[in-house]
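These notes concern the structure reproduced below.
The values are calculated or read from the model by the stated rules, or taken from the named source; none is laboratory data. None of the values given here were measured: they were computed from a predicted structure. We place every Cβ from the backbone using ideal geometry, glycine too, and count neighbours over all the protein chains shown.
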Amino acid sequence: MHDEAAPDLWQRQFALNTTTAFNACHAFLPMMLERGEGAIVLVGSRAAVQPFAGAVPYAVSKAATIALAQALHAEVRMEGLTVNAIIPSTIDTPTNRDAMPDADASRWVAPDQIAALVLALCGEAGRATGGAIPVYGRA
């Protein structure tokens with residue numbers, strides 16, 4: 001955050017994490033509202049609620065994504081739609097394993113666990129939800 005690239009990094013993180021989520025919601029909401037049903041699941045990050053040093057733009061953009069989900073849910077819940085944000089900790093991906101070779105990846109969240117949760121949130125069981133859901137595994 002202290003370097004000259006901080007404003008550029010800030011813009012990139014918001015474009016990548018928050019603006020894309022907003023644009024996707026903006027594109028699909030009219031059809032969902034017309035049908036009177038639907039589910040949206042946005043992806044936050046544990047860093048949004050438990051920030052770590054060196055990740056200010058990332059943490060803030062993910063926090064904004066979570067707030068987007070919560071605010072949007074308040075807007076559309078009475079119309080039969082649900083909006084959730086999942087808040088994963090470190091996800092067990094090849095990129096994360098390469099970036100953190102000394103970490104215990106067995107404690108991370110598996111992508112198939114996230115997929116199963118998203119599927120449930122988009123199904124009948126998810127109709128009673130609307131919030132921010134931690135997905136931390138054993139991390």
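If I filter segment 31-46 down to residues being of a type outside the set (A, V, I, L, M) and over 11 Å from Leu81 (Cα atoms), which single residue comes out as farthest from the chain's Cα centre (by Cα)?
Across segment 31-46, the extreme among qualifying residues is Arg46.
How many residues does segment 30-48 contain that are part of a loop (DSSP other than H, G, I, E, B) and either of a type in the set (Val, Ile, Thr) or on the phi > 0 side of the Ramachandran plot (or both)?
Of the residues in segment 30-48, 1 are part of a loop (DSSP other than H, G, I, E, B) and either of a type in the set (Val, Ile, Thr) or on the phi > 0 side of the Ramachandran plot (or both).
Looking only at segment 49-72, decide whether some residue is touching a helix residue (DSSP H, G or I) at 6+ places or on another chain (Cβ under 8 Å), assigned to a strand (DSSP E or B) and without any contact (Cβ under 8 Å) to a residue 24 or more places away in the chain.
Looking through segment 49-72, none of the residues is touching a helix residue (DSSP H, G or I) at 6+ places or on another chain (Cβ under 8 Å), assigned to a strand (DSSP E or B) and without any contact (Cβ under 8 Å) to a residue 24 or more places away in the chain.
Restricting to segment 93-139, and then to whatever is in contact with a helix residue (DSSP H, G or I) (Cβ under 6 Å, 6 or more places away or on another chain) and among the basic types (Lys, Arg), can you tell me which residue is nearest to Ala47 (Cα to Cα)?
Once the filter is applied, the top-ranked residue is Arg138.
One residue is enough: does segment 7-27 have a residue meeting the conditions assigned to a loop (DSSP other than H, G, I, E, B) and touching a residue at least 24 places away in the same chain (Cβ under 8 Å)?
Looking through segment 7-27, none of the residues is assigned to a loop (DSSP other than H, G, I, E, B) and touching a residue at least 24 places away in the same chain (Cβ under 8 Å).
Does Val49 meet the test of being under 12 Å from the mean Cα position of the chain (by Cα), among the aliphatic types (A, V, I, L, M) and either surrounded by fewer than 15 Cβ atoms within 10 Å (Cβ to Cβ) or farther than 28 Å from Leu9 by Cβ (or both)?
yes
Taking segment 87-127 as the region of interest, how many residues are part of a helix (DSSP H, G or I), touching a residue at least 12 places away in the same chain (Cβ under 8 Å) and aliphatic (A, V, I, L, M)?
5
Quick one: count up the residues across segment 128-139 that are in a helix (DSSP H, G or I) and in contact (Cβ under 8 Å) with a residue 60 or more places away in the chain.
Counting residues in segment 128-139 that are in a helix (DSSP H, G or I) and in contact (Cβ under 8 Å) with a residue 60 or more places away in the chain gives 0.
Taking Gly137, is it in contact with a strand residue (DSSP E or B) (Cβ under 7 Å, 6 or more places away or on another chain), modelled with pLDDT under 95 and not aromatic (Phe, Trp, Tyr)?
The answer is yes for Gly137.
Take Pro88 and tell me if it is surrounded by 11 or more Cβ atoms within 10 Å (Cβ to Cβ) and not charged (D, E, K, R).
Criteria met by Pro88.
Filter segment 123-134 for residues that are hydrophobic (A, V, I, L, M, F, W, C) and at pLDDT 95 or above; which is surrounded by the most Cβ atoms within 10 Å (Cβ to Cβ)?
Result: Ala132.
Scan segment 91-104 for residues that are of a type in the set (A, V, I, L, M) and crowded, with 17+ Cβ neighbours inside 10 Å and jot them down.
Ile91
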